[in-house]
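The values are calculated or read from the model by the stated rules, or taken from the named source; none is laboratory data. Just so you know, these numbers come straight off a predicted model, no measurement behind them. Ideal geometry is used to build each Cβ from the backbone, glycine not excepted, and the neighbour counts take in all protein chains shown. Accessible surface is based on the protein model in full, side chains and every heavy atom, while ligands, DNA and RNA are left aside. Shrake-Rupley method; radii C 1.70, N 1.55, O 1.52, S 1.80 Å.
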Amino acid sequence: MCLAIPAKIIKINKRTAMAETLGVKKEIDISLVPAVRIGDFVIIHAGFAIQIIEKEDAVSIQNYWKEYLDEKQH
Amino acid sequence: MKSSIEELTLSLTGNKLGRRINIMEVCGTHTMAISRYGLRQLIPETINLISGPGCPVCVTPAVDIDLILEITKQYEVSLFTFGDMLRVPGTESSLYLKKAEGRDINICYSPLDALDYARENPDRKVIFLAIGFETTIPLTAVIVKRAYLEKINNFYIFNTHKLIPEALELLANDKEIKINAFLCPGHVSAIIGSEPYRFLADRYKIPCVISGFEPEDILQSLVMILEQIKKETPEIEIQYKRVVREEGNPSAVKLIYEIFDKSDSTWRGLGSIPGSGLKLKEKFSGFDARIRFPVKKIKSAEPAGCECGNVLKGIKKPFECRLFSKTCRPESPVGPCMVSSEGSCAAYYKYERELKNIKI
Ligand code: SF4
């Protein structure tokens, strides 16, 4: 339940942002990460960015979650 | 550079402590990963990995399910919650069964969905069944604050949020299960950081490592724990540096305590734990569904024969429950630990049931 998936911020609009994760674009809430900028990577939990992370880390984590979520769906 | 699984298992096997140690993971996603990758079978038998109360759905007591079911029975409300919550058994029914009977019970992906619905449907009374640990609590705090600022007066929360460090203190004091170390949750710690666990190392001399979710992360965390045990230097270490900072996410923590005060909370299996829950501050009490929709005290009981209480405390392993894989299966769960995909019983059922060295 505490799953959090990495995503890249591609557009910011006040308290929301467009984020891209695993090839899917999604609007997320960024009010919990006030320092976030376009191009940053964040981890998303239930529609909210909860922490800013480094790009390399985002990429490595992303692969793991992709596999995990694919399996969960089957 | 992360070490490989082979290197890490070798390092664990070579690190002979000469005694059995109990390491408790307190995160449903860790429980899942340990079962899924067969890590229990990779590490020496002297390292006993036990699952703790790390799944929010599993630790929600039957009485909370009964209360919310009663609210949806007595009042015209629209209820929103996360999917896992629906199948958790109350004393006589579940949200899932009542939804099938036509009650206005909805699954949401984000708490924002519930608030949006309330905003768009001012004639409906909307309740968000707020569940989760520190990872999720700031999200609820955001929507309550937003509802307050926007003066949305048809929105409420039924709050079952719980705090992890307080539960760990109870477990650290437990005489029945001697915990030698904690594998601390990654995403809870992304919010609270490492400081809130400090008392475990200082006062209880219990090593703690905040771990990531990949098999290498978990094995690496175990290596770090063994090192601490060997050197007798209990501390709070962060293995999951990719996401967790010492200070956590201070904005999120600040917001939690702008909206809530700490309170006691009842955990399935663990009972009432002082300071392990949250209560809306007086200023926001108008959003409290328990106050706005009072119902009579109901007689609640945990499912007969279900050992979830002992499973959540780490006293029993899921396959030591008489109902495991017999009457209790993921498609017909008796207790909550079989409901959530991150519950210990569901994880053991899915991945470890057929392993030769585990008797069922
Ligand atoms: S196997 Fe089922 S009945 Fe037994 S403890 Fe787990 S959830 Fe409860």
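Things to note:
- Pairs with Cβ under 8 Å, 6+ apart, first in the range B:335-360 and more than 16 Å from B:G309 (Cβ to Cβ), second part of a helix (DSSP H, G or I) and modelled with pLDDT under 85: B:S341/A:K72
- Filtered residues of the range B:201-249 (kept if surrounded by fewer than 24 Cβ atoms within 10 Å (Cβ to Cβ), in a strand (DSSP E or B) and not β-branched (V, I, T)): B:E237
- Among the residues of the range B:277-291, none qualifies, meaning not one is out of contact with any Lys or Arg (no Cβ under 6 Å at 6 or more places or on another chain), within 10 Å of the ligand (Cβ to nearest atom) and open to solvent by 40 Å² or more (accessible area, probe 1.4 Å).
- Candidates B:A141, B:A62: the one that is aliphatic (A, V, I, L, M) and more than 10 Å from chain A (Cβ to nearest Cβ) is B:A62.
- Residue count for the range B:253-292, restricted to those that are over 23 Å from B:L171 (Cβ atoms) and out of contact with any strand residue (DSSP E or B) (no Cβ under 7 Å at 6 or more places or on another chain): 10
- Inclusion of B:L86 among residues that are within 18 Å of the chain's Cα centre (by Cα) and in contact (Cβ under 8 Å) with a residue 40 or more places away in the chain is not warranted.
- The residues of the range B:328-355 include none that are assigned to a strand (DSSP E or B), more than 8 Å from the ligand (Cβ to nearest atom) and open to solvent by less than 40 Å² (accessible area, probe 1.4 Å).
- When the range B:212-238 is filtered for residues that are touching a helix residue (DSSP H, G or I) at 6+ places or on another chain (Cβ under 7 Å) and within 13 Å of another protein chain (Cβ to nearest Cβ), the ones remaining, listed by number, are B:G212, B:F213, B:E214, B:P215, B:E216, B:I218.
- Residue that is assigned by TED's automatic domain parsing to the domain that holds B:E176 and open to solvent by 10 Å² or more (accessible area, probe 1.4 Å), where the choices are B:I107, B:I34, B:I47: B:I47
- Top-ranked residue in the range B:65-95 [being part of a helix (DSSP H, G or I) and in contact with a strand residue (DSSP E or B) (Cβ under 8 Å, 6 or more places away or on another chain); ranked as farthest from B:V295 (Cα to Cα)]: B:G83
- Count - residues of the range B:309-327 that are in contact with a helix residue (DSSP H, G or I) (Cβ under 8 Å, 6 or more places away or on another chain), near the ligand (Cβ under 6 Å from one of its atoms) and either at pLDDT below 90 or open to solvent by 10 Å² or more (accessible area, probe 1.4 Å) (or both): 1
- Qualifying residue in the range B:250-257 (condition: in a loop (DSSP other than H, G, I, E, B) and surrounded by fewer than 20 Cβ atoms within 10 Å (Cβ to Cβ)): no
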